[in-house]
Amino acid sequence: MSLKAEIEKRKTFGIISHPDAGKTTLTEKLLLFGGAIQTAGAVKSNKIKKTATSDFMEIEKQRGISVATSVMSFEYKGKKINILDTPGHKDFAEDTYRTLTAVDSVILVVDVAKGVEAQTRKLMQVCRMRNTPVIIFVNKMDREGQDPFDILEELENELQITTRPLSWPINMGRRFKGVFLLHDNSLNLFEADKTKKAADYVQIDNIEDERLDKIIGEDDANQLREDVELINGVFEPFDVSLYEEGLLAPVFFGSALNNFGVQEMLDTFVKIAPSPRPRPTDKREVEPDEKKMTGFVFKIHANLDPNHRDRIAFLRVCSGTFERNTFYIHPRTGKKMRFSNPYTFLADSKEVTQFAYPGDVVGLYDTGNFKIGDGLTEGEELVFKGIPSFSPELFREVVNMDPMKSKQLEKGLNQLTDEGVAQLFTQQPGNRKIIGVVGELQFEVIQYRLEHEYNAKARFDSVNYHKACWMTGDKDKIAEFIKYKPQDVVLDKDENLVYLAQTAYLLQMAKSNNPEIEFHETSEFKVSMA
Ligand code: G4P
C-alpha cells in the first residue's frame, strides 16, 4: 500500500471525559465493534480506584495496566483506528493533556445527568488550543438526566463550541426507547443488551410516518416530532468543514454500558474524523506524506521494577515510514539512534513492528535519552510545536536528606522531570530546588522513585505558591521585576524565567502593574519563539 493510502486509512484519536462519565466503557465497546476484543470486561479501567488514592503502590500497579492500554488499535470498515488512552485520575491530568497533542481528533463523553464537569472543561480547553475536531457522546441515557436541549445548551455555553445533534433520544431513563437518526430517518430502538455487537435500525419514511406511533407510542412520537422540528429550526445543517476546524461538534446520545448509540457514532467517526494532519514545527509544517520519517515523543513511561530500569517512550509518527533497525537522528542531542524492538499496540497486547506510518504510535525502549516533546527525524533539526508544559499548581521545595547522594538526587530529579512527572524550578542565587506538579499524588510518585530507582533521599517542604507563569517581554522591565521579587523568580530546566506567584491576587497585580511583561500559563511560547 502506498504511503498516502496508509495515511488515509488511519484515524488517531483520544476519548476524554470527566472520571466516571463512561470513557472506559465506551472504549471497550469500540474495541468490540472492531473485533479487537471478544468479550465485554476485557479492557481494564485505568481509573485509579477511589479507595486506593492513599496507596501509592496500588496506584502504580493500576497505572501499570495503562501501559498496555496506552494505545489500542483496531480495524473498522477499512480504517485503522488508533485510540490513545488518557489517564482518568485528575492528578495525572498533565499526561492527558500531552496525549492530546498526539491525536487528530477526540470523542468527548459526558454523563447526561452530570453534564459538563470540571475535567471536561479543562480537557476541552486543551482541544481548543489546537482546534482539535470533537465528537460528543452523551452517555447513560438509560438513566434519568437533564433535558437533551438543556445539555446541548450547557455544552455550547461552557465549552464554547457549537453543537449539532445527529441522533436524538426518545425519552430517557426507564422510559428510554432509543434514538432517532436525524440524517436518514431511521430509528435505533433501545434494548438493554451489553453484548450486542451490531445495531438493528428501523427505517421510516419521515418523521410524520404513522409507523412511528406504533413503534414508540403516540406520546413519544409526538414529542419526537416536536423536538425534530425545533432541531431543524434552531440548528444549521451539519457542516463537516466546521467540524474539521474544531468549531462544530456533532452530538450523539446513547448508553455505552448497553452498547447503545455507539455504532452510529463510530460509523460517523470513520466517515468524518480526520486522518493524520500536517504538524507545525519551529521551522515549517510537516506534511504526513513527506518521504522522510519524523515523529515526536509525547509520553514516557518508566518501568518501576528496579531490575529493569528502562523506560518506554511513545513516539507519534508524523511523516514518512518508521522502520525497525533504521538509524534516526535525535535532533536535541544530535545522537544517532536505532531501534531493534519498536512495538505497536493491538487492543491490549503489543508486538514488535517492522513499519509504522503517520498517525501510528510506536513504543521505543529508552535508556534515558528522550524527554517529552523530543523529535526523531532523518536528520532535519526541527522541534514539533504544541507539546506544552502547563502551569503547575502545587509546589514543594526539595531538601536533600543525604549529602553523600546529591549527585543521585540531581540525576533522579532531572530524569523524572524529563519524563514529565513534574516540573523543576531552580531559585538563583542559592540553587534552591522547587518542584511543581498538577496533582498531589505526583509528590508521592517522585519521592518513591527517587528512593527506589536513584537511591536518593529527599524531603519535600511546603512552599506557598499559587501558580508558575513563564515570563517574556521587555528585558529591562523583567530585570526590574526580578529586582523587586528576587525570591519569586526562578529558572525552569531550560533556563526560562518563571514567576512563582504566591496568590492569585499577586499574579493579577503583577500582570496589571507590568503590561510590558507577558505571563504565560503554558510553556508553549518557548517553541513559538524558537
Ligand atoms: P470512566 O472511564 O469515564 O471513569 O468511566 P467508566 O467507563 O469506568 O464508567 C463509570 C461507571 O458508569 C461504571 O459503573 C459504568 O458501568 C457506568 N456506566 C458507563 N456507561 C453507562 C451507561 O450507559 N449507563 C449506565 N447506567 N451506567 C454506565 P461503576 O459502578 O463505577 O463500575 P462497574 O462496577 O460497573 O465497573
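The values are calculated or read from the model by the stated rules, or taken from the named source; none is laboratory data. These figures come from a predicted structure and were not determined experimentally. Counting neighbours? That spans all protein chains shown, and the Cβs are built from the backbone with ideal geometry, glycine included. Just the protein is used for accessible areas: all its heavy atoms, side chains included, with ligands, DNA and RNA removed. Shrake-Rupley method; radii C 1.70, N 1.55, O 1.52, S 1.80 Å.
Numbers below:
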| item | result |
| --- | --- |
| Check on ASP209, open to solvent by 40 Å² or more (accessible area, probe 1.4 Å) and either at negative phi or within 16 Å of the ligand (Cβ to nearest atom) (or both) | no |
| Residues within region 387-414 that are of a type outside the set (Asp, Glu), open to solvent by 40 Å² or more (accessible area, probe 1.4 Å) and assigned to a helix (DSSP H, G or I), tallied | 8 |
| Subset tally (residues that are touching a residue at least 12 places away in the same chain (Cβ under 8 Å) and part of a helix (DSSP H, G or I)) for region 1-38 | 17 |
| Residues that are within 26 Å of VAL202 (Cα to Cα) and not in a strand (DSSP E or B), drawn from region 160-177 | LEU166, ASN171, MET172, GLY173, ARG174, ARG175, PHE176, LYS177 |
| Qualifying helices (runs of 4 or more DSSP H) (wholly inside region 69-159; at least 1 residues being within 22 Å of LEU248 (Cβ to Cβ), within 11 Å of the ligand (Cβ to nearest atom) and of a type in the set (Ser, Thr, Tyr)) | 118-129 |
| Condition met for ILE231 (at pLDDT 95 or above, assigned by TED's automatic domain parsing to the domain that holds ARG143 and open to solvent by less than 10 Å² (accessible area, probe 1.4 Å)) | yes |
| Residue check for ASN341: free of Cβ contacts under 8 Å to residues at least 24 places away in the same chain, in a loop (DSSP other than H, G, I, E, B) and open to solvent by 60 Å² or more (accessible area, probe 1.4 Å) | no |
| Region 257-283, subset at pLDDT 95 or above, of a type outside the set (S, T, N, Q) and assigned to a loop (DSSP other than H, G, I, E, B), residue farthest from the ligand (Cβ to nearest atom) | PRO276 |
| Every pair of residues 6+ apart whose Cβ atoms lie under 7 Å, when the first sits in region 249-260 and is more than 16 Å from THR163 (Cα to Cα) while the second is near the ligand (Cβ under 10 Å from one of its atoms) and of a type in the set (Lys, Arg) | SER255/LYS140; ALA256/LYS29; LEU257/LYS194; ASN258/LYS194; ASN259/LYS29; ASN259/LYS194 |
| Residue in region 236-256 that is nearest to ASP147 (Cα to Cα), counting only those that are assigned to a loop (DSSP other than H, G, I, E, B) and touching a Ser or Thr at 6+ places or on another chain (Cβ under 7 Å) | ALA256 |
| Selection within region 348-368 - surrounded by fewer than 22 Cβ atoms within 10 Å (Cβ to Cβ) and either assigned by TED's automatic domain parsing to the domain that holds LEU413 or small (Gly, Ala, Ser) (or both) | SER349, GLY368 |
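Yes/no matrix, rows are residues, columns are (1) small (Gly, Ala, Ser); (2) open to solvent by less than 50 Å² (accessible area, probe 1.4 Å); (3) closer than 16 Å to GLN263 by Cα:
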site	(1), (2), (3)
ARG143	no, no, no
ASP147	no, no, no
ILE151	no, yes, no
LEU155	no, yes, no
GLY173	yes, yes, no
GLY178	yes, yes, yes
ASP184	no, no, yes
ASN188	no, yes, yes
GLU191	no, no, yes
